Amino acid sequence: MQIFLSVLLIAIIVILAKCVRVVPQRQAYIVERLGKYYGTLEAGFHILMPVIDRVAYRHTLKEQAIDVPPQQCITRDNITVEVDGILYLQVMDPAKASYGISNYLFASVQLAQTTMRSEMGKLDLDRSFEEREQINAEIVAAVDKASDPWGVKVTRYEIKNITPPQTIRDAMEKQMRAEREKRAMIAESEGERQAKINRAEGERQQAVALSEGERARRINEAEGKAKEILLVAEAQATGIRKVAEAISGDGGLESVNMQLAQQYLAQFGNLAKTNNTMIIPSNLADVAGVIKACTSVVGKVKG
């Protein structure tokens, strides 16, 4: 009898333990009563009816990150690339996620791969690297629309890698190398062009400066010569004026006659020395006549 009571007590404890459910935070349990959906248990303490109630499904309400395996896609320019990604989704309605589809995770991944192949087929290889955001948005829109009856919300999709074949990668590397060399040559030619422009500009400025300096030098020389001529003329005028004043004074005319006679004789002597032949005037009285003529000229000037 005691053994029976012990077994009964253990059975009661086991049954009560199965009737008690503690649901963790951000999780949901689907309860079936007699094989039919009865309700959704949220986070907290719950008691189920023994035997007739059971927990059929357990779902996490957290956002889940699902790895999308690599797949072969053909671009619009007929190049096969390997693409993989990550799909982010969240269960919004646990009941639909339990009864709307058998495995919403598998279905979401398959739909993401199908949409990926479709979107990659619309783009060339070069654009596929640039249009990642657009591809991600298209996949999210397609999967989210299809998963609405499943009670699942697709939040985002991210492409991890787009891997073209090795031959294409080699060709792309050559293209990038050629592009870099082209940019380097353009930069070098631009540098040479700018250097030539700078040198030409420097030479032009130098020529302008030299011409300006030469012009200033010539102007200065001309001004100096003009001042020199003016000063010489003024000095000559002053000298002539002084001579005229001296002639006008007492004994001035006699002094002029004497100086003229001396100069005449001196020049006549020099003329005789320059040749082997001695030149003698036919009439020595001409000396007095010359002096008289000069004196008459001076007298007229004085008058």
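At a glance:
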| item | result |
| --- | --- |
| Base-10 log of normalised Debye intensity for the stretch 2-60 (one unit scatterer per alpha-carbon) at q = 0.20 Å⁻¹ | -0.73 |
| When the stretch 64-164 is reduced to its Cα atoms, the Kirkwood hydrodynamic radius in Å | 13.7 Å |
| Packing-based ranking, highest mean first, of 204-217, 151-164 given that Cβ atoms within 10 Å are counted | 151-164, 204-217 |
| Contact order relative to length of the stretch 64-164, as percent, for alpha carbon pairs under 8 angstrom and 6 or more apart | 41 percent |
| Rg and Dmax [Cα atoms of the stretch 127-253; Å; Rg one decimal, Dmax integer] | 45.7, 148 |
| Convex hull volume of the stretch 1-100 per residue (C-alpha atoms, cubic angstrom) | 149 Å³ |
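Every number in this text was worked out from the coordinates using simple rules, so none of it is lab data. Since this is a predicted model, take the numbers as computed values, not measurements. Heads up, the Cβs are rebuilt from the backbone with ideal geometry, glycines too, and the neighbour counts pull from every protein chain shown.
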